[in-house]
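The values are calculated or read from the model by the stated rules, or taken from the named source; none is laboratory data. Note that the structure is a prediction, hence the values are computed from the model and not measured. Neighbour counts run over all protein chains shown; Cβ positions are idealised from the backbone, glycine included. What goes into the accessible areas is simple: the full protein's heavy atoms, side chains included, and nothing from ligands, DNA or RNA. Shrake-Rupley method; radii C 1.70, N 1.55, O 1.52, S 1.80 Å.
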Amino acid sequence: MTDGGTEARKANKRGAARLAAVQALYQMDLAGTGLNEIMAEFEVHWLGGEVEGVQYRPAEAAYFRDIVGGVVREQTSLDPQIDAALQRGWPLKRIETLLRAVLRAGAYELACRNDVPARVVTAEYVDIAGAIVDKEETGMINAVLDQLAHQLRAAEFSA
């Protein structure tokens with residue numbers, strides 16, 4: 001029997017890791033910050049720390065590192081998949097930087113983290129998007145990640 005409180009804390013730490021990963025990917029894309037630099041900065045200042053008077057929730061550091069490092073490592077295969085899932089005429093490079101970070105992180109988890117159900121991955125990144133963008137863009141995130149989930153994890157949806 002599992003302790004529901006322990007599972008909830010783990011989920012909250014993963015949720016915080018996902019949010020931090022999106023922020024890190026955004027910063028890397030916008031400012032050209034390198035992987036090692038961003039990892040060090042986030043682990044020292046952001047993960048569970050206080051920044052500009054805001055206390056951030058504790059995050060699962062290993063999960064954060066996996067998402068950020070995985071997106072960087074797999075980006076050349078992830079970006080074309082995201083491009084294909086976007087509506088024609090809106091390639092990934094034309095998508096706002098923050099949305100691009102959300103899509104890349106979600107696509108990475110769908111492609112490489114089979115230990116997390118596809119519906120959970122999609123819901124988590126839709127929630128992150130909902131906290132930072134308007135409803136229309138949240139719907140786009142949901143549609144793209146759902147399409148990728150059905151492509152990358154077809155077996156999860158055929159039951």
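Structure summary
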quantity: Formal net charge of residues neighbouring Asp134 (Cβ-Cβ distance under 15 Å; K, R +1; D, E -1); calculated: -3
quantity: Sulfur and carbon atoms: percent of accessible area, the range 72-159 [1.4 Å]; calculated: 51 percent
quantity: Listed peptides 78-85, 21-28 by packing density, highest first (mean Cβ within 10 Å); calculated: 21-28, 78-85
quantity: Three-way shape call for the range 91-134 based on the alpha-carbon gyration tensor, with the a/c threshold at 1.5; calculated: oblate
quantity: In the range 56-159, GluC sites (Glu not before Pro) in a DSSP loop with at most 11 other beta-carbon atoms within 10 Å; calculated: Glu96
quantity: Of the trypsin sites (Lys or Arg not before Pro) in the range 62-159, those whose Cβ has at most 16 other Cβ within 10 Å and which sit in DSSP loop; calculated: Arg88, Arg113
